[in-house]
Each structure stands twice: as structure tokens, then as C-alpha cells.
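The block underneath contains the structure these notes are about, expressed in C-alpha cells.
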């Protein structure tokens, strides 16, 4: 009888632990789902297809002078956020340079997350690989990244000729993917 009682108690304890573990897994899945929704459920501060506040996107160029997204109205624009210490950014850089060289109709803006860098020397050295077709901008305070809700590096934002955000590409991209976004079947930026 004692063995049977002990077995029942052990079984009850095991079921209680299983229920606690299941509850913990459910809570974690809900939190993960909420996090994914918050990150991917929106394409920036506005939903894709709505006017971007171009007049608020103003950053210093690496070579000096101010650049605004609105300066590029009439052309499709690729805005890429990167850092010199970021391995996927390093791997992506030749692809962005090749895309920019092959498609001069697209304005390619490489926005350095300067507030994460140790100095401008690393930024300038890294930026040499972009070539002259890419404009390098400095987000010294993180205001542009924050305003556009850039949370992962690299991230590329695709704007059409009217300044409307059409797509957000999170993570490393390549020339083929960019060409598909700009010129592929969807034709997202042709308008």
C-alpha cells in the first residue's frame, strides 16, 4: 500500500511539473509571437505604402553636407543601415556596390549607424568599398534608425519614386534580391 501511495504521489508531482513546463512554454510562445508581430507586423513608422516623412530624414554625408530623403524624389531609393563592425554588413557591401553601379537610376544611400562606432576612421575605411555610386550618410545619434524602427543590422528600406516606403529587407541582402525588388514581377518601385 505504501508503494502504491508513493507511486501516486510521484506521478502527481511529475504531472504538476509537466503542467508548469507546458505553461512556461505557452507563455514563451505568446511572447515570441508578440515580439515577431511587433517587429515584422509593420514596415517602419508607417505601414508600407503610406507616405514617409521624408522632410524628417536628414543626415550628414560622410564627405560633408546634408542629405534628405526628399532630395531624391523622382527616383527610387534604397536606404541601407549598416555598421563597420557588423559581419553581415561587410558581406553585403560588395553586393550593394555592384547593384548601385549597375543601376544608376536608383539612389543608394548607405546610412552608417555612427552612434555604434568607435570612430569615423573605421567608417571611412569601410565606406571606401561602396564606390562613388553610393552616398554614405552618418546617423550620429541613432535618430534615423529609431524613427524608421531599424532593429537589426543590416536593414534596407525600399522607397518608390514618390517617397513611399514599399519594402523593408531585414538582414543581409544581395544584388539579385535587390534587382527582384526594384525590377521584378512585383515592380514595387516602378510607380
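Pairs of alpha-carbon atoms within less than 8 angstrom and 6+ residues apart define the contacts here; what relative contact order does segment 54-183 have, in percent?
32 percent
Taking a ≥ b ≥ c as the square roots of the Cα gyration tensor eigenvalues, segment 94-171 comes out oblate, since a/c reaches at least 1.5 and a/b does not exceed b/c.
The fewest-to-most ranking of 3, 177 by surrounding Cβ atoms within 10 Å reads 3, 177. Averaging 1/r over every pair of different alpha carbons in segment 54-183 and inverting the result gives a Kirkwood radius of 14.4 Å. Ranked by how many other Cβ atoms sit within 10 Å of their own Cβ, fewest first, the residues 180, 103 fall in the order 180, 103.
Ranked for footprinting exposure by Cβ neighbours inside 10 Å, fewest first, 168, 155 give 168, 155.
Bear in mind that the values in this text are calculations on the coordinates, not laboratory data. Quantities reported herein were computed from a predicted structural model and do not represent experimental measurements. Note that we place each Cβ from the backbone using ideal geometry, even for glycine, and neighbour counts take in every protein chain shown.
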